[in-house]
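Engineer: Dropping a structure here in structure tokens format, bear with me for questions.
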């Protein structure tokens, strides 16, 4: 409470005064000489402690020859066999079960998010997922056990004349599969420019988009698709290959990786790959053998296993769409002021923390004008949601840390203000006000400001709000956002929140206790405000940090 009070006083005083993953394929000039005995370099069989946990791995049953339902209805494939073999090496109980792939990973507005099945620990891992830069923000991985490739597929005859060797794809409409690694971030890492990118929920939808001319090319991990033409040029979106997709903070890789290293160097992995290709009637994209592997792959396979996770990995989430606070850069890295700030405070508190992505609805949901906690926060998928304002209606269901950013709200109108809306009026009944749902600029805020109003239009996002003002559906947009150039901002600005931007946590969370203590030390010394100035220069943005501590005469 002390830090919150001091910050309130300070605020009042201030108001008054060609990135490319290393190839896994054989490179003759980089060959490491090995003896004829493949087992050289193998790790000794890992020791293990009896484990009663049943490890579950998810498959959607549609990925032949890796995991699919055969003609008898049984789930079979290379992944099923691999999980069984590797787990048996260390005495783990493991099973493959079937779940839609969206329980592991899904795509929304071109951002990949972890699925409910992983978050809620329905399963421990999802095999056959490419390891990529952008996925590492959201997931952990085992060592790779498959090689991957990414291709460009077109309608028969390539009617649009798409050429994968071009540096600029802007003239073409691309389509990708939901949850696939073949996304815009991969193209950026490959130094390719691109324009329109459509996300298809499944392969039949993507195929239809190509055949009806809506899209020109499908960028996917598929090497062959019936009825379409896959171009011979291929690229890599992965960082070493494909492994098992894990929940962030999972300890599964601590025992899986040593077991797989033993399996790989023993020669049993190569033999299994050879047998599987015959057994399932299709090529399995296995890694090169130790004899023909690149130095990069061999180094990876000989690496020490990851350290066990801390007693508690504190997980913070953002939507990843608010630049420069938290956003995905062109190559898929999560960056921004918020990430830097969290790392600084957690270091001072000697806590291990990780910033990751989640949809807003996992933090807070709305039913009319009532706010409810999201399932992600309530079920413990993560610990905290960054960038939220503490308000009376939110205090009903959440706790908050001390504020670290100042905030206010204003009204935006169509340029020229054709409806003559005046924010200083006490009665807005003759006007239609629009706001984005889950925003604090709601009816409760207007009531606290003692404003009368009749129609308050609720829309999903800022984009619909702006459109409503531009097309005349609404007279004014009430929002905390700044710098919306399409509209005209009116004065004055208003306060909907108690103080400013805080971190929102589950009611009863222990996080504010250690966070506020660390932030108070950071803030009281003046180092926080210097941090804000430094980051302002780095990101070329004037961050609205809370005013510095009030200096008192001695």
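Read the figures in this text as sums done on the coordinates, not as results from a lab. Please read all numbers here as calculations on a predicted model, not as lab measurements. When we count neighbours, we look across all protein chains shown, and the Cβ atoms used for this are built from the backbone with ideal geometry, even at glycine.
Engineer: Using only Cα atoms, locate the centre of region 240-259 and the centre of region 296-328, then give the distance between them in Å, rounded to an integer.
Structural biologist: Between the Cα centre of region 240-259 and that of region 296-328, the gap is 12 Å.
Engineer: Could you give the length gained by full extension between residue 367 and residue 510, i.e. 0.36 nm per residue of separation minus their alpha carbon distance, to one decimal place?
Structural biologist: Stretched out fully, the residue 367 to residue 510 stretch lengthens by 48.7 nm.
Engineer: If all Cα-Cα distances of region 410-554 are sorted into 10 Å bins from 0 onward, what percent lands in each bin, rounded to whole numbers?
Structural biologist: P(r) over region 410-554, rounded to whole percents: 10, 31, 27, 22, 9, 1.
Engineer: Once the Cα gyration tensor of region 189-255 is diagonalised, what are the square roots of 5 times its eigenvalues, in whole Å and ordered largest first, as equivalent ellipsoid semi-axes?
Structural biologist: Semi-axis lengths for region 189-255 are 29, 15, 13 Å.
Engineer: Here is a further query. At a threshold of 8 angstrom on Cα-Cα distance, excluding pairs fewer than six apart, so keeping six or more, what relative contact order does region 321-427 reach in percent?
Structural biologist: Dividing the mean separation by the residue count of region 321-427 yields 11 percent.
Engineer: Hey, what's the per residue convex hull volume over the C-alpha atoms of region 150-235, in cubic angstrom?
Structural biologist: Expressed per residue, the convex hull around the Cα atoms of region 150-235 is 80 Å³.
Engineer: If the chain between residue 136 and residue 530 were fully stretched, how many nm would it gain, using 0.36 nm times the residue separation less the Cα-Cα distance?
Structural biologist: Contour length minus the Cα-Cα distance gives 138.8 nm.
Engineer: If you don't mind, there's one more thing I want to ask. Using R₀ = 22 Å, calculate the FRET efficiency as 1/(1 + (r/R₀)^6) where r is the Cβ-Cβ separation of residue 329 and residue 193; round to 0.05.
Structural biologist: Efficiency computed from Cβ-Cβ geometry: 0.90.
Engineer: Listing 283, 367 from the residue with the fewest other Cβ atoms within 10 Å to the one with the most, what is the order?
Structural biologist: 367, 283
Engineer: In nm, to one decimal, how far is the modelled label at residue 234 from the one at residue 304, with both set 7 Å along Cα→Cβ?
Structural biologist: Those two pseudo-labels are separated by 3.5 nm.
Engineer: How big is D, in µm² s⁻¹, for the chain by Stokes-Einstein at 10 °C and 1.306 mPa s if Rh is the Kirkwood radius over C-alpha pairs?
Structural biologist: It comes out at roughly 60 µm²/s.
Engineer: Tell me, what is the percent relative contact order of region 150-235, built from C-alpha pairs under 8 Å that lie six or more residues apart?
Structural biologist: 50 percent
Engineer: Something else now. So how much slack lies between residue 296 and residue 84, counting 0.36 nm per residue of separation and subtracting their Cα-Cα distance, in nm?
Structural biologist: Here the answer is 73.6 nm.
Engineer: State, to one decimal in nm, how far the label point of residue 170 lies from the label point of residue 202, with both points 7 Å from Cα in the Cβ direction.
Structural biologist: 3.6 nm
Engineer: Further question on the same structure: So for region 409-492, what are the equivalent ellipsoid semi-axes in whole Å, largest first, each being the square root of 5 times an eigenvalue of the Cα gyration tensor?
Structural biologist: Largest first, region 409-492 gives 17, 14, 12 Å.
Engineer: Could you please rank 479, 52, placing first whichever residue has the fewest other Cβ atoms within 10 Å of its Cβ?
Structural biologist: 52, 479
Engineer: Another question, if that's okay. Using helices alone, I'd like the mean residue ellipticity at 222 nm for the chain: each DSSP H run of four-plus residues gives -39500 (n - 2.57), total over residue count, nearest 500.
Structural biologist: -7500 deg cm²/dmol
Engineer: In nm², what is the average projected area of the convex hull enclosing the Cα atoms of region 304-366?
Structural biologist: 6.1 nm²
Engineer: Under a point spin-label approximation (7 Å from Cα along Cα-to-Cβ), what is the residue 490-residue 347 distance to one decimal in nm?
Structural biologist: 4.6 nm
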